[in-house]
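Where a number appears in this text, it was derived from the coordinates with a stated rule and is not lab data. What you see is a predicted model; the values in this text were computed from it and never measured. Note: ideal-geometry Cβ built from the backbone for every residue, glycine included; neighbour counts use all protein chains shown.
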Amino acid sequence: MVVDIARGRQILFVGGKGGTGKTSLSSAIAYARADAGQRVLLVSTDPAHSLGHVWDRQLTDTPSRIVTTGDGYIDAVEVDPDATVERHFAAVEKTMYRMLPERQHSAIREHLNTARSAPGSQEAATLERIAQIIEFGLADYDAVVFDTAPTGTTMHLLALPERLTNWMQTLLANRDRSDRFAAAARGLVGKTEETSSADAELRRNLLARRDRFALMRRTVQDASVSGFIIATLAEKLPVAETLEMAGQLDRLGIDIASVVVNRRSPADAGPLLAQRRAHEEEYVRQLRAGLGDVPLTQVPLLAREISGTDSIGELAGLLGPGARA
């Protein structure tokens, strides 16, 4: 069921409370898409990366091939906020060095070193990396599956593109006014063409960032392209967080493709598990009542942990057309 729903979306986010099986589910969805002959990019945005552990592979911030199945394959990447911050500030530093006189370079270095450790730097870098991945993922892959950080971090990141797009637009408008005054001043005092070229480069950089965030915003809010899959458990805290997350996603205009109730206890494996299964039913009812028409899929508790291609393939089979709704 989940696989069928996911098949119609090019961008998928898998999120939810920590410990609900987000990484396993995102890996299984990616495997199912690849097994159907698609080119899949699987991305971990959780700073506490477990994607590499699930696949028994060493992953980096650069996509690497982890599975080839028939005509399909999976490339995987673990977003590294520290590396992303360093790349971002190195590019900013290079641009500022070209634009400003050498006597100011020492002050630039000091300012950027302070900014590297400022609150929000890693968050902004992670968001820009996600926006970059969406940009090239739409062009180069049939599907991009994000294994996201726990709920609070992910929801904050998803709310940022709209704010940053508006902020960049305001910055560009202010820059346009500044450019007009600067052009007039250059005409009066005979400034060189080099200054004008630096100004044009800064504007190009601002436009590129604005357009990247705008593309991310449009993409995640387009239900024909993107969807969010919430992983949860039939327990009090995960269910409460799932319902809260569903409301936040709705307010952000992001479509909930499905909710997956993971690790459901069997009803026929002894009295203890049967009693737990009956207890879980109340939380499943709460989910159905609170989610309305959102598709709900239940996945049984498996005997083995999800680690390696075989177990990921087994889980992928449980997310297919025969999955229990």
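Annotations
- Across the stretch 1-78, Cα-Cα pairs more than 14 Å apart make up 59 percent of the total.
- Ranking of Ile229, Ile66, Ile306 by neighbouring Cβ atoms within 10 Å, starting from the fewest: Ile306, Ile66, Ile229.
- Note, ³J(HN,Hα) from phi for the stretch 43-53, Karplus 6.51, -1.76, 1.60, rounded to Hz, x at Gly and Pro: 10, 9, 10, 7, x, 8, 4, 10, 4, x, 5
- Taking all Cα pairs closer than 8 Å and separated by 6 or more residues, the relative contact order of the stretch 1-75 comes to 31 percent.
- Look at the Cα gyration tensor of the stretch 232-323: its axes a ≥ b ≥ c give a/c of at least 1.5 with a/b at or below b/c, and that counts as oblate.
- Taking 17 Å as the cut-off, the amide N atoms of the stretch 27-42 that come nearer than this to a point 7 Å along the Cα-to-beta-carbon line of Ser64 belong to 41-42.
- The length gained on full extension between Lys94 and Leu138, counted as 0.36 nm times the residue separation minus their Cα-Cα distance, comes to 13.0 nm.
- As an equivalent ellipsoid, the stretch 1-41 spans semi-axes of 19, 10, 9 angstrom, where each value is the square root of five times an eigenvalue of the C-alpha gyration tensor, largest first.
- Here, P(r) means the percent of Cα pairs in each 10 Å bin from 0 to the largest distance; for the stretch 1-139 it is 11, 34, 29, 15, 9, 2, 0.
- Each part gets one Cα centre, and for the stretch 257-323 versus the stretch 39-60 those centres are 23 Å apart.
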